[in-house]
């Protein structure tokens with residue numbers, strides 16, 4: 001058993017879905033599946049009960065889970081102890097993030113930063129991307145993780161990734177049987193969408209306006225899971241980033257693609273204020289190292305396959 005297998009095992013146990021677990025770990029689904037199979041072969045037993053929609057830990061998997069979490073915690077604690085012994089940092093770090101960005105999981109990132117730099121006082125704000133961008137530009141936040149490309153020209157920006165937008169509908173919706181639809185088919189449809197402060201809302205509004213398609217936003221929310229719940233209940237359809245459609249809470253909804261050449265990309269970035277505390281750079285260094293490590297694993301897996 002190695003730490004990479006433990007990371008994949010814990011992610012799959014938590015998410016109960018290969019697609020989402022692979023996304024969180026930053027690996028291909030085939031790479032994660034191969035690692036889990038190798039672990040099961042090494043232990044001589046099945047760790048998950050697999051169905052077409054979910055994977056659930058077996059009794060053996062549940063027995064292994066606390067030990068796997070302990071191995072990962074001990075590994076992280078060891079690395080962080082070395083950093084603390086050689087790099088003392090103090091001060092205050094003001095961080096903001098929009099919910100459910102996909103390319104960065106902010107709470108574990110802040111946990112890792114806190115372990116390495118316990119003398120830094122962390123202040124965390126969760127809000128829409130446009131609100132966060134304004135706070136970074138105004139010097140109220142040091143760094144923010146946002147899903148917008150608007151109004152970021154005066155701050156340092158690092159793109160973390162991008163995904164297409166897709167349509168989510170209940171299974172009984174009139175367009176649910178379509179694999180791909182045209183923008184004109186959405187004319188006068190009722191939607192569930194986020195508040196205007198969210199990056200995806202302005203992206204959606206601009207997309208419909210550019211295609212001359214009128215829509216009605218029936219429900220406005222400030223939470224991804226509430227949006228998915230309202231779509232499940234037939235209160236509207238939704239245009240969301242692709243990774244949101246892969247969440248367990250979206251199970252049972254129908255994902256439909258829009259024309260690739262006319263559908264905007266949802267872009268996630270880290271933005272840093274010109275007057276940011278030096279600790280903001282350390283936070284992004286931790287994120288960059290984790291991303292580089294995962295990219296190296298992907299290259300290694302591709303070479304083996």
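The values are calculated or read from the model by the stated rules, or taken from the named source; none is laboratory data. Computed from a predicted structure; not experimentally measured. Backbone-built Cβ (ideal geometry, glycine too); neighbour counts: all protein chains shown.
For a quick check of your reading of the model, give me the residue pairs whose first member lies in region 177-191 and is free of Cβ contacts under 8 Å to residues at least 12 places away in the same chain, whose second is surrounded by 13 or more Cβ atoms within 10 Å (Cβ to Cβ), with beta-carbon atoms closer than 8 Å and at least 6 apart or on different chains.
What qualifies is 185/175; 185/178.
Any idea which of 162, 216 is surrounded by 14 or more Cβ atoms within 10 Å (Cβ to Cβ) and touching a strand residue (DSSP E or B) at 6+ places or on another chain (Cβ under 6 Å)?
Going through 162, 216 in turn, the sole match is 162.
Residue 91 fails exactly one of the following numbered conditions: (1) surrounded by 12 or more Cβ atoms within 10 Å (Cβ to Cβ); (2) modelled with pLDDT under 90; (3) out of contact with any strand residue (DSSP E or B) (no Cβ under 8 Å at 6 or more places or on another chain). What is the number of that condition?
(3)
When region 169-184 is examined, which residues are found to be surrounded by 15 or more Cβ atoms within 10 Å (Cβ to Cβ) and over 23 Å from residue 224 (Cβ atoms)?
Result: 178, 183.
Across region 226-246, which residue is nearest to residue 99 (Cα to Cα) among those that are touching a helix residue (DSSP H, G or I) at 6+ places or on another chain (Cβ under 7 Å) and in a loop (DSSP other than H, G, I, E, B)?
Applying the filter and picking the extreme gives 243.
Inside region 258-275, can you point out the residues that are in contact with a strand residue (DSSP E or B) (Cβ under 6 Å, 6 or more places away or on another chain) and either within 21 Å of residue 29 (Cα to Cα) or in a loop (DSSP other than H, G, I, E, B) (or both)?
263, the sole residue that qualifies.
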